[in-house]
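Reviewing the structure listed below.
The values are calculated or read from the model by the stated rules, or taken from the named source; none is laboratory data. Small disclaimer: the values here were computed from a predicted structure and weren't measured. Reconstructed Cβ throughout: ideal geometry from the backbone, glycine too, with neighbour counts over all protein chains shown. Keep in mind that these areas ignore ligands, DNA and RNA; they rest on the heavy atoms of the full protein, side chains included. Shrake-Rupley method; radii C 1.70, N 1.55, O 1.52, S 1.80 Å.
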Amino acid sequence: MKQQLLAVIDALEDLQATGRYTVMYSVAGHVHDFDVAIYCGKWYKGASPMFRQSIYTDRPLCRQYGGIGKLDLYELEAFVRRLLRAVTSNNA
């Protein structure tokens, strides 16, 4: 699970580095919770995320706060990498 979580964090950091999105994530190890929010452009007070997901890292499925449905860590990584590819291909 640790390697999956690190892969997702790596993808999120790559997305943040494009400058097209603001990425926020937090890990609460004591309850096995990983929260992700992705905002278009720069974050500002009152901004709504385009994507938000909270995943229990000790279970295959997550609870959903919005976004595109229930994801596990593999699916979240795939989603972020697809988004990253779309952003970088539009800049080419």
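For this structure, a couple of remarks:
- Each residue was assigned an accessible area with a 1.4 Å probe, and for Asp10 the value is about 80 Å².
- On full extension, the segment bounded by Tyr74 and Thr88 gains 2.9 nm, given 0.36 nm per residue less the C-alpha separation.
- Accessible-area ranking of Leu5, Leu12, largest first, probe 1.4 Å: Leu5, Leu12
- Residue-level accessible surface for Tyr44, protein heavy atoms, 1.4 Å, Å²: 140 Å²
- Residue-wise HN-Hα couplings along region 72-82, as the Karplus relation 6.51 cos²θ - 1.76 cosθ + 1.60 with θ = phi - 60° gives them from phi, are 9, 5, 4, 5, 5, 4, 4, 4, 5, 5, 5 Hz; Gly and Pro carry x.
- In this simple spin-label model, placing a label point 7 Å from the Cα along the Cα-to-Cβ direction at both Ala7 and Asp33 gives a separation of 2.5 nm.
- Met24 contributes an accessible area of around 70 Å² to the protein surface, as traced by a 1.4 Å probe with all chains present.
- At full extension, Ala17 and Tyr56 could sit 11.5 nm farther apart than now, given 0.36 nm per residue minus the alpha carbon distance.
- Accessible surface ranking for Lys45, Lys2, 1.4 angstrom probe, highest first: Lys45, Lys2.
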